[in-house]
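The values are calculated or read from the model by the stated rules, or taken from the named source; none is laboratory data. Values in this document were obtained by computation on a predicted structure and should not be read as measured data. Positions of Cβ are backbone-derived with ideal geometry, glycine not excepted, and every protein chain shown enters the neighbour counts. Just so you know, the surface numbers come from the protein's heavy atoms only, side chains and all, with ligands and any DNA or RNA stripped out. Shrake-Rupley method; radii C 1.70, N 1.55, O 1.52, S 1.80 Å.
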Amino acid sequence: MKYYSLRHQSPLVDFRTATVTGQAPDGGLYFPETIPKFLPGFRRELRTLSKATVALNVMQPYVGSAIPAADLHRICAEAVDFEFPLVPVAAGVSALELFHGPTLAFKDVGARFMSRCLGYFAQRGDTPPVTVLVATSGDTGGAVASGFLGVPGVEVVILYPSGKVSPVQEQQLTTLGQNITALEVQGTFDDCQALVKQAFQDPELAKKRFLTSANSINVARWLPQQLYYCFTMQQWPEGAAAPVVSVPSGNFGNICAGLLARASGLALGHFIAACNANEPVPAYLRTGTFTPRPAVPTFSNAMDVGNPSNFVRILELFDNDLAKMRAALGADTVSDADTVAAIRQVWQAHRYLLDPHGAVAYTALRRYQAQHPEVAGIILATAHPVKFPDVVEPVLGRAIELPAVVQALQGRAKRSVPVSIDYEDLKAYLM
Ligand SMILES: *Cc1c(COP(=O)(O)O)cnc(C)c1O
């Protein structure tokens, strides 16, 4: 498989180069040259296959000869080594729970897959030692830290805004040690992102360190997200109509991977991009004009993205044809008030506890079903509610029990390096 830059000013590359460099030299995102079709046998036998085998089948065409099958099988098995249950929530709605991984975030799958690919390339000497540099508003950092922990040849530096991540998230970032360093920035998430961006453009730093990113721009983090949709179909009732799929969306990596799996032949129905007040994509689907805006803060803060980087991949998938896109994909905007109302209603009526991101997806699905009462749907539950106690606990009226993986972090020493928002401070550290 070859990958091309969506800006078309860079050479084609293989999976290894796309993974190691993250972004094309012309600044574009990489996109696969062809979209593989799932074989009829794979679709027929999907229910009987192990998660690792499903993962190998889906990822093999994208990885090509860059990683031999036996190594890829091991990487796949480690990436999906936890449960992905499809849980009934209410009549016509099930939740695919993606929060049973080591950091209770759906980003665990992509982070684990990418880290092991990078580790494989580094160990073979295919690349110099790599530094993964990433800014986080909370969830990405924890998943990346956990995914890359102990991977040889890879050092991880995470920038997070001091005092602006939840206690659980801070523990996930700052207590691991080994090859993971947390830089505690005296500023906002936007400051963290600006610092990372500056580091990537610094030629002096590039001579000293081989930097790469670990967000969903990277194909090795983006593509394995197709697996959630395969795991859904493994559990969807046999013979039932294809489910409508509501995906809480921020940078649009997850939903774009779902649309890719659909294009490969997975029997999924209509897609809904469920957004909070950050709504450049819903506005695009309404008007045909895409206008990025500064992000506004909401309760579903992992989706507070004003200029979603994967939107260009969605455009590419639909050949830049708005009518074609609208036929497969709708979008909706859910306010904070409606998010909390959904958490309360679903808890009171069904004793199912949604997190704010899942609640946005639930609301968008319910609004769609109000117009299409016959269709059953799924929401992707992207985070565990324990990560958002400020929103969820007032509804619940008590504290949420901490899952075992979070309890294990309690009492471990926090280690972080304070840095200012002055780039020279970060540079001094990295040099
Ligand atoms: C990252 C994240 C999202 C958004 O996913 P994208 O792929 O960026 O659209 C949604 N929910 C949670 C909990 C997240 O951490």
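Do we find that residue 221 is open to solvent by less than 10 Å² (accessible area, probe 1.4 Å) and within 16 Å of the ligand (Cβ to nearest atom) in this structure? Criteria not met by residue 221. When residues of segment 236-251 are filtered for being more than 8 Å from the ligand (Cβ to nearest atom) and under 24 Å from residue 61 (Cβ atoms), how many remain? So the answer is 3. Note on segment 281-291: among residues that are under 26 Å from residue 391 (Cβ atoms) and surrounded by fewer than 21 Cβ atoms within 10 Å (Cβ to Cβ), the one that is nearest to the ligand (Cβ to nearest atom) is 282.
All conditions in (1) within 13 Å of the ligand (Cβ to nearest atom); (2) closer than 23 Å to residue 83 by Cβ hold for residue 261, with the sole exception of (1).
With respect to (1) away from the ligand (no atom under 12 Å from the Cβ); (2) open to solvent by less than 10 Å² (accessible area, probe 1.4 Å); (3) closer than 25 Å to residue 73 by Cα, the lone exception for residue 233 is condition (2).
Only one entry of 193, 201 meets the criterion of being of a type outside the set (Val, Ile, Thr), open to solvent by 50 Å² or more (accessible area, probe 1.4 Å), closer than 27 Å to residue 17 by Cβ and over 18 Å from the mean Cα position of the chain (by Cα), and that entry is 201.
One residue alone among 278, 254, 310, 301 is within 13 Å of the ligand (Cβ to nearest atom), touching an Asp or Glu at 6+ places or on another chain (Cβ under 7 Å) and not hydrophobic (A, V, I, L, M, F, W, C), and that residue is 278. With respect to residue 361, determine if the residue is within 14 Å of the ligand (Cβ to nearest atom) and within 26 Å of residue 173 (Cβ to Cβ). Judged against the criteria, residue 361 is a match.
Within segment 62-83, the set of residues being of a type outside the set (D, E, K, R), within 14 Å of residue 220 (Cβ to Cβ) and either part of a helix (DSSP H, G or I) or free of Cβ contacts under 8 Å to residues at least 40 places away in the same chain (or both) comprises 62, 63, 64, 66, 72, 75, 76, 79. Once segment 101-130 is narrowed to residues that are surrounded by fewer than 24 Cβ atoms within 10 Å (Cβ to Cβ), assigned to a loop (DSSP other than H, G, I, E, B) and without any contact (Cβ under 8 Å) to a residue 60 or more places away in the chain, the residue that is nearest to the ligand (Cβ to nearest atom) is 124.
Of the residues making up segment 296-327, those that are crowded, with 19+ Cβ neighbours inside 10 Å and under 28 Å from residue 391 (Cβ atoms) are 298, 299, 300, 301, 302, 303, 305, 308, 310, 311.
Residues satisfying the criterion are absent from segment 6-16 (criterion: β-branched (Val, Ile, Thr) and out of contact with any strand residue (DSSP E or B) (no Cβ under 6 Å at 6 or more places or on another chain)).
Taking the criterion of being within 23 Å of the chain's Cα centre (by Cα), surrounded by fewer than 19 Cβ atoms within 10 Å (Cβ to Cβ) and part of a helix (DSSP H, G or I), the residues of segment 22-56 that qualify are 52, 53.
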